[in-house]
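The values are calculated or read from the model by the stated rules, or taken from the named source; none is laboratory data. Predicted model, so just to flag it, every value in this text is computed and none were measured. Heads up, the Cβs are rebuilt from the backbone with ideal geometry, glycines too, and the neighbour counts pull from every protein chain shown.
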Amino acid sequence: MTTAAPLPPAPEPLAPVASTPAPVAVPVPGDWNLAQRIVFRFAFAYLFLYSLPSPVDNIPGLDFLNEGFNAVWHTVVPWVGKHVLGLAEDITVFTNGSGDTTYNYVHLPVLVAISALVATIWSVVDRRRTQYTKAHDVLRVFLRYVLSMSMLGYGMAKVFKSQFPFPSPDRLVEPLGEFSPMGLLWTFMGYSKGYNIFTGGAEMLGGLLLLFRRTTTLGALVVIAVMVNVVALNFFYDVPVKIYSSHLVLMAVVLALPDVQRLLGVLLLNRATHPRKLEMPYQLSRREARGFLAVKVLFLATIGWSMYEARSGYLERFSDSAPRHPLYGLYEAESFTRDGQVLPPLLGDAQRWRYFTVGRFNRTTVRTMDGGVQRFSLEHDPVKKTVTLTENSGEAKKETVLTYSQPDAEHLVLQGTFKDAPIEVRLKKVDESTYLLVNRGFNWIQEAPFNR
């Protein structure tokens, strides 16, 4: 009977060998081709010319820089419009509440022409240079702060809700068909404080991320996501900030460009990527580096304080909680007497008032029974008990002075000559909370859509 040979002893397990990851090589910037150098020279000149004197003009006491730049452009641009472009009318309206004036559109080709000239001269004088690593870093730092200041400013205006006010009394009785596209957008945005905080917070997040080299690309991507939507709103709701908002997107794209290949490799092509050097392309001593940091901290602190003070003053005037006019509100005409005759509330009557509103910034409207609307600015004299309505339509301003009385907290009586006839109007204040837009609010549970 044979016996099986004993099995050999199991080998000792091998000790794990520590594996050292292969170092990732950081590519050294090489020479730029001719097209890259020319495009960079043009972009450098254009973006600086478009943005200056920002962000320096945000520092208190340097407002004169903005005035100086505007004085130059206000001379050059109208001249180009008249003598080069041959515009039929002289440019007399400059950037105001609208950033899409004729002046702004003529300003663009002037910037393009000057930038092209600068790029041409630069290309001839500096034709032997093969790359612009340091100049590119200067441009990136400049754009980071210009874009950051804009995003923080716009973001704060929404977070503290002073850009889009809650719908005013005259909006509550204005037919939807009379809204301008921009007015519809402003009313939509002004209704919701939460949505203002959400969108403004996203803008501020992008602005804050741009302040640091390590988070610049992330900040640029956040700004692109936010501002592309803003640009779409400006174009499709006819908001006259199309040029400026488009340039903010352009700046964010320029800041994100150096990392486009890395982002595509990770997000789309499933390829390994490499780190990018974040240090300044300058040899700085420790003392110089600390000096740069101190200047940055001082600059940001100064800008932050300036923006805080400006926003505080802005909130006092434009926020929903800002002080309101003593006569603020929506009033409905209970009785209306014109030229000694009592006019009944008949639809289609172009003389009888239906609503009288006193809104923000002393804006007043009179809405008649036929749906007509007349808009005025209002001056209030509580001592003489008078209100002065100034009609701003047309070249000549027409003023109407009416006396008023308040028999009780709910009523307002106006007397005087209006539209060449003596009137007496008894008005009752309307509780705005009775309107569905005001009282509907937020609801977690809806058994059916409430869409009216």
Practice prompt. Might you check whether a residue that is surrounded by 15 or more Cβ atoms within 10 Å (Cβ to Cβ), in a helix (DSSP H, G or I) and without any contact (Cβ under 8 Å) to a residue 24 or more places away in the chain occurs anywhere in the stretch 148-167?
Written response: no
Worksheet item: Counting just the residues of the stretch 401-444 that are outside any strand (DSSP E or B) and of a type in the set (D, E, K, R), which one comes out surrounded by the fewest Cβ atoms within 10 Å (Cβ to Cβ)?
Response: ASP420
Worksheet item: Can you tell me which residues in the stretch 267-287 are surrounded by 12 or more Cβ atoms within 10 Å (Cβ to Cβ) and either assigned to a helix (DSSP H, G or I) or in contact with a strand residue (DSSP E or B) (Cβ under 6 Å, 6 or more places away or on another chain) (or both)?
Response: none
Worksheet item: Residues in the stretch 211-231: is at least one farther than 29 Å from VAL138 by Cα and either assigned by TED's automatic domain parsing to the domain that holds ASP137 or among the charged types (D, E, K, R) (or both)?
Response: no
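Condition check ((1) assigned to a strand (DSSP E or B); (2) among the aromatic types (Phe, Trp, Tyr); (3) on the phi > 0 side of the Ramachandran plot; (4) surrounded by 15 or more Cβ atoms within 10 Å (Cβ to Cβ)) across all residues:
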{"position": "ALA333", "(1), (2), (3), (4)": "yes, no, no, yes"}
{"position": "ASP349", "(1), (2), (3), (4)": "no, no, no, yes"}
{"position": "TYR355", "(1), (2), (3), (4)": "yes, yes, no, yes"}
{"position": "VAL366", "(1), (2), (3), (4)": "yes, no, no, yes"}
{"position": "PHE376", "(1), (2), (3), (4)": "yes, yes, no, yes"}
{"position": "VAL383", "(1), (2), (3), (4)": "no, no, no, no"}
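For every residue, the table says whether it meets (1) under 15 Å from PHE212 (Cα atoms); (2) among the β-branched types (Val, Ile, Thr); (3) touching a Ser or Thr at 6+ places or on another chain (Cβ under 7 Å); (4) not assigned by TED's automatic domain parsing to the domain that holds PHE44.
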{"residue": "ALA256", "(1), (2), (3), (4)": "yes, no, yes, yes"}
{"residue": "LEU267", "(1), (2), (3), (4)": "no, no, no, yes"}
{"residue": "ASN270", "(1), (2), (3), (4)": "no, no, no, yes"}
{"residue": "ARG276", "(1), (2), (3), (4)": "yes, no, no, yes"}
{"residue": "VAL295", "(1), (2), (3), (4)": "yes, yes, no, yes"}
{"residue": "SER306", "(1), (2), (3), (4)": "no, no, no, yes"}
Fill in: Test: residue in the stretch 88-97 that is surrounded by 11 or more Cβ atoms within 10 Å (Cβ to Cβ) and either touching a residue at least 40 places away in the same chain (Cβ under 8 Å) or among the small types (Gly, Ala, Ser) (or both)
no
Worksheet, complete the sentence: Within the stretch 144-172, the residues that are of a type in the set (Val, Ile, Thr) and within 8 Å of GLY200 (Cβ to Cβ) are VAL159
Worksheet item: Would you say VAL223 is aliphatic (A, V, I, L, M) and free of Cβ contacts under 8 Å to residues at least 24 places away in the same chain?
Response: no
Practice prompt. Considering only residues that are without any contact (Cβ under 8 Å) to a residue 24 or more places away in the chain and either assigned to a helix (DSSP H, G or I) or under 27 Å from ILE243 (Cα atoms) (or both), look in the stretch 110-143 and name the one that is nearest to the chain's Cα centre (by Cα).
Written response: VAL141
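Considering VAL223, VAL239, VAL230, which residue is modelled with pLDDT of 95 or more, outside any helix (DSSP H, G or I), among the aliphatic types (A, V, I, L, M) and surrounded by 16 or more Cβ atoms within 10 Å (Cβ to Cβ)? Even if it seems obvious, please write down each step before you answer.
Numbers: VAL223 fails: outside any helix (DSSP H, G or I); VAL230 fails: outside any helix (DSSP H, G or I).
Answer to the check: VAL239.
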Discussion item. On the basis of being in contact with a Lys or Arg (Cβ under 6 Å, 6 or more places away or on another chain), touching a residue at least 40 places away in the same chain (Cβ under 8 Å) and of a type outside the set (Ser, Thr, Tyr), does GLY207 make the cut?
Written reply: no
Item to complete: Test TYR308 against the criterion of being closer than 30 Å to LEU147 by Cβ, among the aromatic types (Phe, Trp, Tyr) and without any contact (Cβ under 8 Å) to a residue 40 or more places away in the chain, and give yes or no.
Response: yes
Discussion item. What pairs come out if I take residues in the stretch 179-201 that are within 17 Å of VAL226 (Cβ to Cβ) and in contact (Cβ under 8 Å) with a residue 40 or more places away in the chain and pair them with residues that are surrounded by 14 or more Cβ atoms within 10 Å (Cβ to Cβ) and among the small types (Gly, Ala, Ser) whose C-beta lies under 8 Å away, six or more apart or interchain?
Written reply: GLY200/GLY155; GLY200/ALA157; GLY201/GLY155
Worksheet item: Within the stretch 385-399, which residues are closer than 18 Å to ASP170 by Cβ and either among the acidic types (Asp, Glu) or in a loop (DSSP other than H, G, I, E, B) (or both)?
Response: GLU391, ASN392, SER393
Discussion item. Testing LEU211 on (1) outside any loop (DSSP other than H, G, I, E, B); (2) farther than 29 Å from THR365 by Cβ, one condition comes back false. Which one is that?
Written reply: (1)
Worksheet item: Is there a residue being among the small types (Gly, Ala, Ser), surrounded by 14 or more Cβ atoms within 10 Å (Cβ to Cβ) and not in a helix (DSSP H, G or I) anywhere in the stretch 309-319?
Response: yes
